[in-house]
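K.L.:
Sharing a structure with you now.
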Amino acid sequence: MSTAAAAPVVITGSDRLETLCDELAGEELYAVDTEFHTERTYWPKLALIQLGWADKVVLVDPLAVDPSPLGRLFTGPGTAVAHAAGQDLDVLRSACGAAPSAAFDTQIAAGFLGMSTPSLARLVEQVLGIILPKTDQLSDWLHRPIPSGQLAYAEGDVRYLLALRSSMVDQLEQRGRLTWAIEECTQVLAGQRRQVVPEEAWWKAGDVRKLTGRSRGVAQEVAAWREQRAAQVDRPRRSVLSDLAILTIAQRPPRNRQELERLRGVDTRHLAKGAAAEILDAVERGRTLSPEELRLPPDVVDSRASQAAVAVCTGLVRQIADELQFDHSLLATRLDITQ
């Protein structure tokens, strides 16, 4: 089944946005989604906010109007319905000064119905029998005017969320799992706030588990420098220093700029404006880092756990999840089991 509808309303003025906030203030439920880019910046660049309620859908253009008035909607009594909302809420919090204080995440709820993190399109088709419009996943949402096909795609991301929630709530109630799903939404979304700890940034720099001894401290300090530099200049981490560079610097810590430039993965273009000296300072801090200051990844800390025991417990968790028709990660992840 597919549907065709008139082009959604796009709000580009402050007066219309204030009117929208007044209209939505009394809604018990509203759907929300965002489109944003992170390819060229450290901080996500918000390009569109989609809102749906009753039988209406409105798109807010944050490039044309300050979206901060939506903050009073998000802190109001209504519940936002969203899909895979973690990063969306972070983006809204940054752009509007607040994110929805209560949210129902359809992807999280799907796990309690035996579905494993389905996409919105798959979930809408499976639950409601509706096929959402398709578009290029690499669309440029910052380009104006937004093509009609992209607007239709953006509208589809929120138009069916309330109906989807209603159907899922019925199924969850039948299985006695609605309270669990709501609690999980509250806990998971609260824990997904963007709180980057620079000293833990090296955990995602590649195969850091092969690093030992002093090289771990060097990786920690150099990656922390990159994180802070990228945030300061609002550029992607990789454009400041590559993951490969962090690993090679950690394995073969340079003592001067010449040694630094010869290392694999180090782009000399990224060493200008004092960056080379700052990297070398970070290397030196890493060399002298005390064991108490080293922030190890959780699975490295617990690497002594019996892998056989972890495998057996993981298999048991999957078996229980299959019997209960649960997403197994809701019961325990591999990291949970290892710890």
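K.L.:
Looking at 59, 89 in this structure, which one is closer than 18 Å to residue 182 by Cα, in contact (Cβ under 8 Å) with a residue 60 or more places away in the chain and buried (at least 18 other Cβ atoms within 10 Å of the Cβ)?
P.N.:
On the way: 59 fails: closer than 18 Å to residue 182 by Cα.
Answer to the selection: 89.
Quick grid of which residues meet (1) closer than 30 Å to residue 121 by Cβ; (2) modelled with pLDDT under 95; (3) crowded, with 18+ Cβ neighbours inside 10 Å:
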{"position": "174", "(1), (2), (3)": "yes, no, no"}
{"position": "192", "(1), (2), (3)": "yes, yes, no"}
{"position": "202", "(1), (2), (3)": "no, no, yes"}
{"position": "205", "(1), (2), (3)": "no, yes, yes"}
{"position": "226", "(1), (2), (3)": "no, no, yes"}
{"position": "243", "(1), (2), (3)": "no, no, yes"}
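K.L.:
Let me ask you something else. So, residue 71, is that one modelled with pLDDT of 95 or more and either open to solvent by 40 Å² or more (accessible area, probe 1.4 Å) or in contact with a Cys (Cβ under 6 Å, 6 or more places away or on another chain) (or both) or not? Working first, answer last.
P.N.:
Values: modelled with pLDDT of 95 or more: yes; either open to solvent by 40 Å² or more (accessible area, probe 1.4 Å) or in contact with a Cys (Cβ under 6 Å, 6 or more places away or on another chain) (or both): yes.
Considered against the rule, which asks whether it is modelled with pLDDT of 95 or more and either open to solvent by 40 Å² or more (accessible area, probe 1.4 Å) or in contact with a Cys (Cβ under 6 Å, 6 or more places away or on another chain) (or both), residue 71 comes out as yes.
K.L.:
Go through (1) in contact with a Phe, Trp or Tyr (Cβ under 7 Å, 6 or more places away or on another chain); (2) over 30 Å from residue 320 (Cα atoms) one by one and return the number of the condition residue 138 breaks.
P.N.:
(1)
K.L.:
Is at least one residue of the stretch 133-150 of a type in the set (Phe, Trp, Tyr), open to solvent by 30 Å² or more (accessible area, probe 1.4 Å) and more than 19 Å from residue 111 (Cα to Cα)? Steps first, please.
P.N.:
Here is the first cut: in the stretch 133-150, the ones of a type in the set (Phe, Trp, Tyr) are 141.
Those still in the list that are open to solvent by 30 Å² or more (accessible area, probe 1.4 Å) too: none.
Checked the stretch 133-150: no residue is of a type in the set (Phe, Trp, Tyr), open to solvent by 30 Å² or more (accessible area, probe 1.4 Å) and more than 19 Å from residue 111 (Cα to Cα).
K.L.:
Among (1) open to solvent by less than 70 Å² (accessible area, probe 1.4 Å); (2) closer than 30 Å to residue 132 by Cβ, where does residue 186 come up short?
P.N.:
Single failed check for residue 186: (1).
K.L.:
Output yes when any residue across the stretch 102-115 is hydrophobic (A, V, I, L, M, F, W, C) and farther than 19 Å from residue 182 by Cβ, and no when none is.
P.N.:
Let us first name the residues in the stretch 102-115 that are hydrophobic (A, V, I, L, M, F, W, C), namely 102-104, 108-110, 112-113, 115.
Pick out the ones that are also farther than 19 Å from residue 182 by Cβ and you get none.
Taking every residue of the stretch 102-115 in turn, none turns out to be hydrophobic (A, V, I, L, M, F, W, C) and farther than 19 Å from residue 182 by Cβ.
K.L.:
Within the stretch 207-224, can you find the residues that are surrounded by fewer than 19 Cβ atoms within 10 Å (Cβ to Cβ) and outside any helix (DSSP H, G or I)?
P.N.:
Step one: filter the stretch 207-224 for residues surrounded by fewer than 19 Cβ atoms within 10 Å (Cβ to Cβ), giving 207, 209-210, 212-214.
Across the stretch 207-224, the qualifying residues are 207, 212, 213.
K.L.:
So residue 328 clears everything in (1) open to solvent by 50 Å² or more (accessible area, probe 1.4 Å); (2) under 28 Å from residue 216 (Cα atoms) except one condition, right? Which one?
P.N.:
(2)
K.L.:
Given (1) assigned to a loop (DSSP other than H, G, I, E, B); (2) under 23 Å from the mean Cα position of the chain (by Cα); (3) modelled with pLDDT of 95 or more, identify the lone condition not met by residue 64.
P.N.:
All conditions pass for residue 64, except number (2).
K.L.:
Counting just the residues of the stretch 5-56 that are in a loop (DSSP other than H, G, I, E, B) and touching a Phe, Trp or Tyr at 6+ places or on another chain (Cβ under 8 Å), which one comes out most open to solvent (accessible area, probe 1.4 Å)? I'd like the intermediate steps shown before the answer.
P.N.:
Looking only at the stretch 5-56, we keep the residues that are in a loop (DSSP other than H, G, I, E, B), and these are 5-8, 12-13, 25-28, 38-44, 54-55.
Of the ones still in play, those that are also touching a Phe, Trp or Tyr at 6+ places or on another chain (Cβ under 8 Å) are 27, 44.
Numbers: 27: 59, 44: 37 Å².
Going through the qualifying residues, I end up with 27.
K.L.:
Of the residues 81, 124, 60, only one is out of contact with any Phe, Trp or Tyr (no Cβ under 7 Å at 6 or more places or on another chain) and among the hydrophobic types (A, V, I, L, M, F, W, C); which?
P.N.:
On the way: 81 fails: out of contact with any Phe, Trp or Tyr (no Cβ under 7 Å at 6 or more places or on another chain); 124 fails: out of contact with any Phe, Trp or Tyr (no Cβ under 7 Å at 6 or more places or on another chain).
After ruling out the rest, the residue left standing is 60.
K.L.:
In the stretch 230-245, is there at least one residue being among the β-branched types (Val, Ile, Thr) and over 25 Å from the mean Cα position of the chain (by Cα)?
P.N.:
Looking only at the stretch 230-245, we keep the residues that are among the β-branched types (Val, Ile, Thr), and these are 233, 240.
If we keep only those that are over 25 Å from the mean Cα position of the chain (by Cα) as well, we get none.
No, there is no match, as no residue in the stretch 230-245 is among the β-branched types (Val, Ile, Thr) and over 25 Å from the mean Cα position of the chain (by Cα).
K.L.:
Within the stretch 71-183, considering only helices (runs of 4 or more DSSP H) that don't extend past its boundaries, which have at least 3 residues that are small (Gly, Ala, Ser) and within 26 Å of residue 333 (Cα to Cα)? Don't jump to the end; show me each part of the working.
P.N.:
Working: elements: 86-96, 106-111, 120-128, 148-159, 161-174.
By residue number, 106-111.
K.L.:
Those residues that are open to solvent by 10 Å² or more (accessible area, probe 1.4 Å) and either free of Cβ contacts under 8 Å to residues at least 24 places away in the same chain or closer than 12 Å to residue 253 by Cα (or both), I need them from the stretch 270-287; list them, please.
P.N.:
Applying the first criterion (open to solvent by 10 Å² or more (accessible area, probe 1.4 Å)) to the stretch 270-287 yields 270, 272-274, 277-278, 280-281, 284-285, 287.
Residues satisfying the conditions are 272, 273, 274, 277, 280, 281, 284, 285, 287.
The values are calculated or read from the model by the stated rules, or taken from the named source; none is laboratory data. Every value quoted in this text rests on a predicted model; they were computed, and no experiment measured them. Glycine gets a Cβ as well: all are built from the backbone with ideal geometry, and neighbour counts include every protein chain shown. Ligands, DNA and RNA are stripped out before the accessible areas are found, and what is left, the full protein with its side chains, is counted by its heavy atoms. Shrake-Rupley method; radii C 1.70, N 1.55, O 1.52, S 1.80 Å.
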